[in-house]
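Below you'll find the structure, written out as structure tokens, and then a few comments.
Bear in mind that the values in this text are calculations on the coordinates, not laboratory data. Worth saying up front: this structure is predicted, and the values here are computed from it rather than measured. Note: ideal-geometry Cβ built from the backbone for every residue, glycine included; neighbour counts use all protein chains shown.
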Amino acid sequence: MLKRLSDRIWYYPMEEERDRPNLGYIRGDNWSLAVDAGHSEAHTREFYEALEENGLPLPKLTVITHWHWDHTFGMHAVNGLCLANERTNEYLLDFKRRLSQEGNEFFLNMHESIRNEYSYNKPVIVTPADIVFHDSMVLDAGNCPIKIFQAESPHTDDSTLIEISQEGVLFVGDATCGSFPEWKKNPVLSKKLSEIIMKSEAAICLEGHWVPVPKEDTIRDLLEEVDE
């Protein structure tokens, strides 16, 4: 069920069994933007059905927070175009090549949640972004400025954050998590990311696999291991 976060922002909630992240939706006066593409085509389609049930137009653009499969392997099924930073796009192209050379088994064996998402021999399809950016950019969906920018993170080296300052919301993807598969957080990178989040105009952070929380909670969790 789609959940409303502010006047212009909704999200399709995460699911643990298939490791599906929150999918964000930002509605401007002129067009709409999604945050992350989903774990698979099925995930993307369910998101779109929820949008249509709520009378919301499908997104014209989907912004990718980082390259990991649960956020990107639905890219081939999105409406409109996909936007990702240069590093994210390189990772996607590398993974696409590996799948074509080795087949799907190594991917399916990475985690049970992946096997749950791709049960019954569903195809694994990886596509690169339509638009690639570097550093940062600002888009206006119609009386709704959206800042998209790269940030150093303990999770991956290709994190993108999405800030909608007038709504007080910051999408951080999985940036605040440790690195896969050990989930350890680099204290230097955690500190840098905490400073970025603190300087943002957002009051609320939405992570990939958690409920929306005040940004102070996100910063506290991010620095928990650093302060130990």
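Does the range 129-178 classify as rounded, prolate or oblate by the C-alpha gyration tensor (a ≥ b ≥ c root eigenvalues; a/c under 1.5 gives rounded; else a/b over b/c gives prolate, otherwise oblate)? Oblate, since a/c reaches 1.5 and b/c is not below a/b. The stretch between residue 29 and residue 192, if pulled fully straight at 0.36 nm per residue, gains 55.3 nm over its current Cα-Cα span. Put simply, the amide H of residue 28, placed in the peptide plane, has neighbours under 5 Å in 33, leaving out anything fewer than 5 places away on its chain. Spin-label pair residue 201-residue 137: with each label point 7 Å from Cα along the Cα-Cβ axis, the two points sit 2.0 nm from one another. With Cα atoms defining each centre, the range 165-219 and the range 1-70 are spaced 19 Å apart in the structure. A Förster radius of 30 Å combined with the Cβ-Cβ distance from residue 102 to residue 3 puts the calculated FRET efficiency at roughly 0.20.
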